[in-house]
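Undergrad: One structure is given below, represented as structure tokens, and several questions about it will come after.
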Amino acid sequence: MKRQLLSISAAFALVLAGCGATSTKDEKPAVSDEATHDEMEGMDHSSDGSVPEELQEAKNPKFEIGSEANVEADHMKGMKGATATIAGAYDTTAYSINYTPTDGGEKVMDHKWVIHEELEDPAATPLEEGAEVTVLADHMKGMEGAKAEIESVKQTTVYMIDYVPTTGGDEVTNHKWVIEDELSEK
């Protein structure tokens with residue numbers, strides 16, 4: 001009886017493993033924003049708040065340090081719609097990047113945001129779309145030291161924020177980065 005149950009369980013596991021495997025060897029797997037959000041959900045997006053020495057505080061930020069703003073950014077699950085407390089404001093160039101994590105993970109497309117000061121020996125700001133860079137930021141596992149391609153460029157004020165995800169959970173502190181266009185007045 002135990003052998004039969006084991007055989008049935010093994011057969012069932014094989015059937016389930018085959019479900020969803022519909023691509024052929026020439027097809028690329030579909031990439032969706034939801035998959036990216038789900039992969040990022042378990043990560044801790046807080047930081048210790050340290051910033052590169054050469055990063056300049058914003059002279060006239062739209063959102064003052066200590067003030068609150070609505071988060072319009074949708075970088076990860078639970079971010080959009082949250083109330084942010086501004087922890088830092090800096091004038092710089094922000095880049096969205098495509099990179100393959102150094103830990104062997106799948107390629108990350110359009111990661112928002114890495115700032116100019118978080119790149120290894122960058123040329124004069126701003127870099128152009130398509131430029132290849134090495135990332136010094138450690139916002140996510142496998143990011144530091146990764147080779148990346150610049151996807152988009154924004155000369156803007158970037159904000160470090162504290163917020164509680166709308167999906168619940170612990171407060172995210174010193175999250176790097178959202179740009180000014182991704183925040184709205186409270």
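Undergrad: Does segment 86-186 come out rounded, prolate or oblate, given a ≥ b ≥ c as the square roots of the eigenvalues of its C-alpha gyration tensor, rounded meaning a/c under 1.5 and, failing that, prolate meaning a/b above b/c?
TA: oblate
Undergrad: Cα-Cα over 21 Å: which of 77/107; 77/176; 154/176; 59/80; 80/186; 107/141?
TA: Flagged as over cut-off: 59/80.
Undergrad: List the residues, sorted by chain then number, that are 5 or more residues from residue 113 or on another chain and whose placed amide H is less than 5 Å from its amide H.
TA: It is 177, by chain and number.
Undergrad: Which one, 157, 140, 169, projects farthest toward the positive side of the charge dipole computed for segment 133-186 from Cβ point charges (K/R +1, D/E -1)?
TA: Positive-end residue among those listed: 140.
Undergrad: Could you state how much accessible area residue 152 has, in square angstrom rounded to the nearest 10, with a 1.4 Å probe and all protein chains kept in place?
TA: The accessible area comes out at roughly 30 Å².
Undergrad: Just want the answer: with Cβ charges of +1 for Lys and Arg and -1 for Asp and Glu, which residue in 85, 98, 108 is farthest toward the dipole's positive end in segment 69-121?
TA: My answer, from the dipole projection, is 85.
Undergrad: Quick one: pull the percent of accessible area on segment 33-186 belonging to carbon and sulfur, 1.4 Å probe, ligands and nucleic acids left out. Walk me through the numbers on the way to the answer.
TA: Working: 3360 of 8060 Å².
Carbon with sulfur: 42 percent of the solvent-accessible area.
Undergrad: Please compute the per residue accessible area over segment 67-186 with all protein chains in place, 1.4 Å probe, rounded to a whole number of Å².
TA: On a per-residue basis, segment 67-186 sits at 46 Å².
Undergrad: Residue 46 versus residue 103, label points 7 Å from Cα toward the beta carbon: distance in nm?
TA: With each label point 7 Å from Cα toward Cβ, the separation is 1.8 nm.
The values are calculated or read from the model by the stated rules, or taken from the named source; none is laboratory data. Owing to the predicted nature of the structure, the values given are computational and were not obtained by experimental measurement. Cβ coordinates were reconstructed from backbone atoms using ideal geometry, including for glycine residues, and neighbour counts include every protein chain displayed. Calculation scope for accessible area: heavy atoms of the full protein, side chains included, ligands and nucleic acids excluded. Shrake-Rupley method; radii C 1.70, N 1.55, O 1.52, S 1.80 Å.
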